[in-house]
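Take a look at the structure below.
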Amino acid sequence: MKIFNFLRTYIAAIYAFIASLCSIVSLILMFVGDQTACLIALVVLCVGFAALIYGILRGINKVISDNSAEDYRRISSFCIFQSNDGVKSTFESFRMIQSKRLFLTHIPYKFKWTGSIQPKLSSTSQIIEDIVHYDDDMKWDEAKIKFHHPLKYNESTVIHIKTENDDPDHKAQPWISCRLDSPIDMMSFRVLLPYKDSSFNKPATLEYKELNTQIDGNYKPIETVPFDMGNKMYSYCCANPTAGRIYRLRWEK
């Protein structure tokens, strides 16, 4: 019954088109030679098959799109920040996603570095292109993450983004953040600061704000995260964080 409803909804119009086309062509074939008639019939057959395949793919894509408003499902996010001297740093983000489209070729990426020198973006798994930096501090910079091979429906992959940062004038702010447009299973932060003095032991603050607010400001504290003096790092992990928020881990520079 479901297959019948699918064919009636998405294939019926194409079937009617093919039937009408065949009726018209059959009249034309009465006035042409056998060789020309065979050629025309072959062309019509190919066009009919192509139209049928297009209708089936369009119908499947429609059903998939109706089942999910998002192009992909976010599963987990793991963010790592490391600075060996307090000037140069790297930020790496590993995100597991699952495609919710028939074929997913790319996804958008939003980011913001608060320093005066724009970071260098790269990836070991995907292609980073169409990078746009905005002078407005209240507007997210943008890039496109392109897959080497399109993801099929329900296929999962790990997205990797790395930024190399330079902060010679110490303008950059000491925090990392994670945007949660939709629910995820796991969110993790790790901040490695080997340049910190051996006596440093100040906790970081985990805070959040709603997605529709400005990039900076209006954050609300959630909890403090202790500093691991032995490894000189902060580490935080949360299962099923609330979606629709930007989470930020902020420490003393």
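Annotations
Here is a yes/no grid of residues against (1) over 25 Å from the mean Cα position of the chain (by Cα); (2) surrounded by 17 or more Cβ atoms within 10 Å (Cβ to Cβ):
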position	(1), (2)
Ser122	no, no
Ser125	no, no
Lys162	no, yes
Asp169	yes, no
Asp181	no, no
Asp185	no, no
Phe189	no, yes
Ser198	yes, no
Lys202	yes, no
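- The set of residues in region 77-87 that are open to solvent by 50 Å² or more (accessible area, probe 1.4 Å) and in a strand (DSSP E or B) comprises Phe78, Gln82.
- Asn212 meets all of the listed conditions (1) more than 26 Å from the chain's Cα centre (by Cα); (2) farther than 26 Å from Ser125 by Cβ; (3) not aromatic (Phe, Trp, Tyr) but one, namely (1).
- When His149 is tested against (1) surrounded by fewer than 19 Cβ atoms within 10 Å (Cβ to Cβ); (2) under 18 Å from Tyr109 (Cβ atoms), exactly one condition is not met: (2).
- Among residues of region 118-158 being in contact (Cβ under 8 Å) with a residue 60 or more places away in the chain and in a loop (DSSP other than H, G, I, E, B), the one that is farthest from Pro174 (Cα to Cα) is Tyr153.
- Hits in region 88-117 - residues which are within 20 Å of Pro174 (Cβ to Cβ), hydrophobic (A, V, I, L, M, F, W, C) and open to solvent by less than 40 Å² (accessible area, probe 1.4 Å): Phe91, Phe111
- Number of residues in region 220-241 that are assigned to a loop (DSSP other than H, G, I, E, B), surrounded by 11 or more Cβ atoms within 10 Å (Cβ to Cβ) and touching a residue at least 40 places away in the same chain (Cβ under 8 Å) equals 2.
- With respect to (1) surrounded by 11 or more Cβ atoms within 10 Å (Cβ to Cβ); (2) farther than 24 Å from Ile75 by Cβ; (3) out of contact with any Leu (no Cβ under 6 Å at 6 or more places or on another chain), the lone exception for Lys209 is condition (2).
- Meets criteria (modelled with pLDDT under 90 and either out of contact with any Phe, Trp or Tyr (no Cβ under 8 Å at 6 or more places or on another chain) or farther than 23 Å from Thr157 by Cβ (or both)) for Ile117: no
The values are calculated or read from the model by the stated rules, or taken from the named source; none is laboratory data. What you see is a predicted model, and the numbers here were worked out from it, not measured in a lab. Here Cβ is always computed from backbone atoms with ideal geometry, including for glycine, and neighbour counts include all displayed protein chains. Ligands, DNA and RNA are excluded from the accessible area calculation, which covers all protein heavy atoms including side chains. Shrake-Rupley method; radii C 1.70, N 1.55, O 1.52, S 1.80 Å.
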